[in-house]
Every structure is written in C-alpha cells, then in structure tokens.
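S.K.: Sharing a structure here in structure tokens format.
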Amino acid sequence: MATVSVRLVRLAFPGPPGVPVGKSIPLLAESKTSSGTSSAGSTAIGPDTNFSDLYWLITVSGGNVWMKFGADPTAAAGSDHLILDGAQDVAYAVSIATEKFAVIDA
C-alpha cells in the first residue's frame, strides 16, 4: 500500500536554460492510496482542454506502484509504468484530451 500524489501541471517557460518547469499551482491534484486492486483516480482532463503542454507529476511514498493512463485505464501488475517507492515528480506527458490515471500495488 502506497500513497500516490498525482498533480496535473502545465509547463512554464523559462526554467533552467532549455528546461521547462511545471507551474507552481497544479490544474488538478489528487492523493490516492494504492491497493492490490486497480483504482482509477477521479482527476480527469476535460474533453475541451488543450492538453499539448500538460504533464502528470507523480510522487510515491510507502511502496512501489504500477500506473496506467488513458480514457478508461485499468492498472495491472507488469504493464505500463512502474514507479518505485520514493520517486518524486516523475513526469508523463498527457496523450489524449480525456486522459485519467489508475494505480495498483506492484
């Protein structure tokens, strides 16, 4: 069981030379407790949102997790993104306008 902090941020420029950074106030934020069953987050991007510069920032504490993103994701062990305990601000670019996330214990 892990605590998973998920923030949806828009990129801001400038950051360090050539490196974009996320804006300080997330568009959406959610904290989930993972378990042995896939659990979808309630955080979702609206269909009319311009998602071209949106990123998920993930921080995990208390255990490893698998994450999946998509319109109706179901996380499963051994697929998609393994995020290790202690990971901070792991970033994934949003791929579709109605994207959500799901998480399960690794």
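S.K.: Restricting attention to strands (runs of 3 or more DSSP E) lying wholly within the chain, give those where 1 or more residues are among the aromatic types (F, W, Y) and in contact with a Gly (Cβ under 7 Å, 6 or more places away or on another chain). Don't jump to the end; show me each part of the working.
M.R.: Numbers: elements: 3-12, 28-33, 54-61, 65-70, 81-83, 90-93, 100-105.
Passing ranges, in order: 54-61, 100-105.
S.K.: Something else: Which condition does T33 not pass, out of (1) surrounded by 14 or more Cβ atoms within 10 Å (Cβ to Cβ); (2) in contact (Cβ under 8 Å) with a residue 24 or more places away in the chain, if it passes all the others?
M.R.: The failed condition is (1).
S.K.: Still on this structure, please answer the following. In the range 69-86, which residues are closer than 11 Å to E99 by Cα and crowded, with 19+ Cβ neighbours inside 10 Å?
M.R.: Selection gives F69 alone.
S.K.: Can I ask one more? Looking only at the range 32-72, which residues are over 11 Å from I104 (Cα atoms), over 12 Å from the mean Cα position of the chain (by Cα) and modelled with pLDDT of 90 or more?
M.R.: Across the range 32-72, the qualifying residues are S61, G62, A71, D72.
S.K.: Further question: Of all residues being over 17 Å from the mean Cα position of the chain (by Cα) and surrounded by 10 or more Cβ atoms within 10 Å (Cβ to Cβ) in the range 2-23, which is modelled with the highest pLDDT? Just the residue, please.
M.R.: A12
The values are calculated or read from the model by the stated rules, or taken from the named source; none is laboratory data. These numbers come from a predicted model, not from an experiment. Note that each Cβ is placed from the backbone with ideal geometry, even for glycine, and that neighbours are counted across all protein chains shown.
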